[in-house]
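S.K.: Got a structure here, written out as structure tokens. Questions coming.
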Amino acid sequence: MGVPKCHKLDNIKEFFTFCKENEVEFVDFRFTDIKGIWHHMAYSFGAITEEIFQNGIPFDASSVKAWQPIQHSDMILFPDLVRYFIDPFTADTTVVVFCDVWDIYKDQPYERCPRSLAKKAISHLKQSGLGDEVYIGPENEFFIFDSIKIKDAVNCQYYEIDSEEGEWNRDKIFEGGTNVGHRPGTKGGYFPVPPVDSMMDLRAEIVKVLNQVGIETFVVHHEVAQGQGEIGVKFGDLVEAADNVQKLKYVVKMVAHLNGKTATFMPKPLFGDNGSGMHTHVSIWKEGKNLFAGEKYQGLSSDALHFLGGVLKHARSVAAFTNASTNSYKRLIPGFEAPSILTYSAQNRSASVRIPYGVSGKSARLEFRFPDSSANPYLAFSSILMAGLDGIVNKIDPGEPMDIDLFELTLDEIREKGIKQMPHTLRTAIEEMLSDRKYLKEGNVFTEDFIQIYKSFKFETEIWPWEGRPHPFEFISTYSC
């Protein structure tokens, strides 16, 4: 048994040359757990040999939640020499290397490793003959606050967010005595110039660091909510796009941290203001041709519409991976530009799937607007791909587009029109996934083991703890019952 020796010696030599040219002192090996959290271990550069890239690095997988039991804890980190970069935040020059996990007991890629699962999804696409590449363009919105206080105790559930942009600070007496008074207010952040936009320089610093670590950026702006921002990042293949989400999150959080602030990709941290999404653009290519370009609705092909039909059919199941937190469903409510209604349209941002304006030929794509950044990007993008491929294989009709303002519909009108909605809770999403999971298991991409461990992980770490705690609002609605 052993890890596959798939690294070319030329790639390894290029890596060592890169390290020597940059006077690297440490190599930081990073991998992603089921939730989407980055973990790492570092080695002194002098301890790194070619054999490490051929044979991998042993580590204890029992210390990672929902992975191995203690009696079968040994796993192998297998470095992947793509997109490595110099960490811009370490005191000593450190190169960061993405890793997959190898299962020594089954002698195969670890089925609970999200990055390995994403690679299986790509292999399944190629083996199906339906395409040889899927391109993903995520749009990760985020918040930057001045502070966050949290308490979780037997007699107290509490959080308090503060931001200089918060309208709640209009009457605050600041140190030095000056309250500048320029604030976006609720839903007012899209997008006035400074001083109302207080984060322009901070976002610029984030962009510069993203460019340093190899991420190409374009549009940079304040988002609708107070303290909310977005930085557009160039699309990539599925694994590359997910890798870049991990890099983006790391850079945004660290730049905020070093500026004395705190960043979060939590979907709905502010009550009554807009939440953060991860709009996800998708197209499938084969032999250099965009298969989503055609002569059907808005310049899309039949394959694109069938892909769309598959995602809409399975969206309530896909939500278990694309909207992966209890907080996700506080974003997916009417009134905050939340794409909770499962239909599609051109340009219409109230639909859960949008065909962007002016797309054609190479730019033809679908924009799925319901995902958010609490998702593990490897799992979210893979589940969308698997649902879409099921749509192409079975020629699933997405139905007619809806070009009306869906945000104006009442719940009764939505039901009368027979329009499906996204789930209202994470519990419902997980249960939908369990009852509709056959499409995920095609090509053994999402294994039954992974599905069951994911279900258990979400119930044990999020759903049951959230359901078991009284909410402050319940004391308003129920204390005097």
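S.K.: Hey, what's the Cα Rg ratio for region 36-168 versus the globular rule of thumb, 2.2 N^0.38 Å?
M.R.: Values: Rg = 20.3 Å, N = 133, 2.2 N^0.38 = 14.1 Å.
Rg over 2.2 N^0.38 Å, computed on Cα atoms: 1.44.
S.K.: If eta is 1.306 mPa s and T is 10 °C, what Stokes-Einstein diffusion coefficient results for region 342-481, Kirkwood Rh from Cα pairs, in µm²/s? Walk me through the numbers on the way to the answer.
M.R.: Working: Rh = 18.0 Å.
In µm²/s, the coefficient rounds to 88.
S.K.: Once amide H atoms are placed 1.01 Å from N in the peptide plane, what residues at a sequence separation of 5 or more from Glu223, or on another chain, have their amide H within under 5 Å of its amide H?
M.R.: Residues meeting the amide H criterion: Gln228, Gly229, Glu230.
S.K.: Another one. Report the FRET efficiency, 1/(1 + (r/R0)^6), for Lys289 and Asn444, where r is their Cβ-Cβ distance and R0 is 35 Å, rounded to 0.05. List each step's numbers first, then the result.
M.R.: Details: r = 28 Å, r/R0 = 0.80.
That pair, Lys289 with Asn444, gives E of 0.80.
S.K.: Of the listed peptides 166-175, 185-194, 263-272, what is their order by residue-averaged count of other C-beta atoms within 10 Å, with the highest listed first? Display every interim value, and only then the final one.
M.R.: On the way: 166-175: 11.3, 185-194: 15.1, 263-272: 19.3.
Descending packing order for the listed peptides: 263-272, 185-194, 166-175.
S.K.: Around Phe292, what is the net charge, scoring Lys/Arg as +1 and Asp/Glu as -1 over all other residues with Cβ under 11 Å from its Cβ? Intermediate values should be presented prior to the final figure.
M.R.: Values: positive: Lys286, Lys289, Lys296, Lys362, Arg365; negative: Asp303.
The answer is +4.
S.K.: Here is a further query. Could you work out the mean projected area of the convex hull around the alpha carbons of region 135-234, in square nanometres to one decimal?
M.R.: Values: hull surface 37.3 nm².
Reported value for the Cα convex hull: 9.3 nm².
S.K.: Region 187-251: Rg/Rh from Cα coordinates, Kirkwood Rh?
M.R.: On the way: Rg = 12.7 Å, Rh = 12.5 Å.
On the Cα set of region 187-251, Rg over Rh gives 1.01.
S.K.: Now, a different point. Can you give me the accessible area per residue for the chain, using a 1.4 Å probe, in Å²?
M.R.: On a per-residue basis, 46 Å².
S.K.: Now, a different point. By what distance, in whole Å, do the Cα atoms of region 316-415 stretch along each of the three principal axes, largest value first?
M.R.: In descending order, the Cα extents are 34, 31, 25 Å.
S.K.: When only the heavy atoms of the protein chains count and the probe is 1.4 Å, how do Leu308, Leu9 rank by accessible area, highest first?
M.R.: Working: Leu308 0, Leu9 90 Å².
Result, largest first: Leu9, Leu308.
S.K.: Sticking with this one: What are the extents of the Cα atoms of region 205-286 along their three principal axes, in Å, largest first?
M.R.: That works out to 44, 29, 19 Å along the principal axes.
S.K.: When only DSSP loop residues count, what GluC sites (Glu not before Pro) in region 204-292 have their Cβ near at most 12 other Cβ atoms within 10 Å? Before the final figure, lay out the partial values.
M.R.: On the way: sites: Glu205, Glu216, Glu223, Glu230, Glu240, Glu287; in loops: Glu216, Glu223, Glu287.
Listed in order of number, the matching sites are Glu216, Glu287.
S.K.: In nm, give the distance between the simple-model label positions of Ile333 and Lys417, each being 7 Å from the Cα along the Cα-to-Cβ direction.
M.R.: 2.2
S.K.: Here is a follow-up. Length gain on complete extension for the stretch Thr178 to His221, per 0.36 nm per residue less the alpha carbon to alpha carbon distance? Provide the component values of the computation, followed by the final result.
M.R.: Values: separation 43, 0.36 × 43 = 15.48 nm, distance 2.64 nm.
Taking Thr178 through His221 to full extension adds about 12.8 nm, to one decimal.
S.K.: A further question on this structure: Among the listed pairs Lys249/Lys330; Lys65/Lys149; Lys13/Lys286; Lys151/Lys455; Lys35/Lys268, which are separated by more than 29 Å between their Cα atoms? Please list the in-between numbers first.
M.R.: Details: Lys249/Lys330 21 Å; Lys65/Lys149 25 Å; Lys13/Lys286 32 Å; Lys151/Lys455 27 Å; Lys35/Lys268 18 Å.
Pairs exceeding the cut-off: Lys13/Lys286.
S.K.: Continuing with this model, one more query. Computing the accessible area with a 1.4 Å probe over protein heavy atoms, can you report the carbon and sulfur percentage for region 1-135? If you can, show how the numbers build up before the last one.
M.R.: Values: 3230 of 6360 Å².
Within region 1-135, the accessible surface is 51 percent carbon and sulfur.
S.K.: Rg and Dmax of region 281-322 over Cα atoms: what are they, in angstrom?
M.R.: When restricted to Cα atoms, region 281-322 yields Rg and Dmax of 11.8, 33 Å.
S.K.: Mind pulling the per residue volume of the convex hull built on the Cα atoms of the chain? Å³ is fine.
M.R.: On the way: hull volume 85.0 nm³, N = 481.
It is 177 Å³ per residue.
S.K.: Another question about this same structure. Counting only protein heavy atoms, what percent of the accessible surface of region 421-468 is carbon or sulfur at a 1.4 Å probe? Walk me through the numbers before you get to the answer.
M.R.: On the way: 1090 of 2180 Å².
Its accessible area is 50 percent carbon and sulfur atoms.
S.K.: Compute the length gained on full extension between Tyr158 and Glu240: take 0.36 nm times their separation in residues and subtract their Cα-Cα distance, giving the result in nm to one decimal.
M.R.: Values: separation 82, 0.36 × 82 = 29.52 nm, distance 3.79 nm.
Gain in length upon complete extension: 25.7 nm.
S.K.: Let me ask something additional. Could you calculate the FRET efficiency of Asp10 with Ala66 from 1/(1 + (r/R0)^6), where r is the beta carbon distance between them and R0 is 41 Å, rounded to 0.05?
M.R.: Values: r = 37 Å, r/R0 = 0.90.
In this case the efficiency is close to 0.65.
S.K.: Give me the accessible area of His72, 1.4 Å probe, in Å² rounded to the nearest 10.
M.R.: Counting only protein heavy atoms, the figure is 80 Å².
The values are calculated or read from the model by the stated rules, or taken from the named source; none is laboratory data. On a predicted model such as this, the values are computed, not experimentally measured, just so you know. A quick note on method: Cβ atoms are made from the backbone with ideal geometry, for glycine too, and the neighbour counts reach across all protein chains shown. Surface accessibility is based on the protein's heavy atoms, side chains included, excluding ligands, DNA and RNA. Shrake-Rupley method; radii C 1.70, N 1.55, O 1.52, S 1.80 Å.
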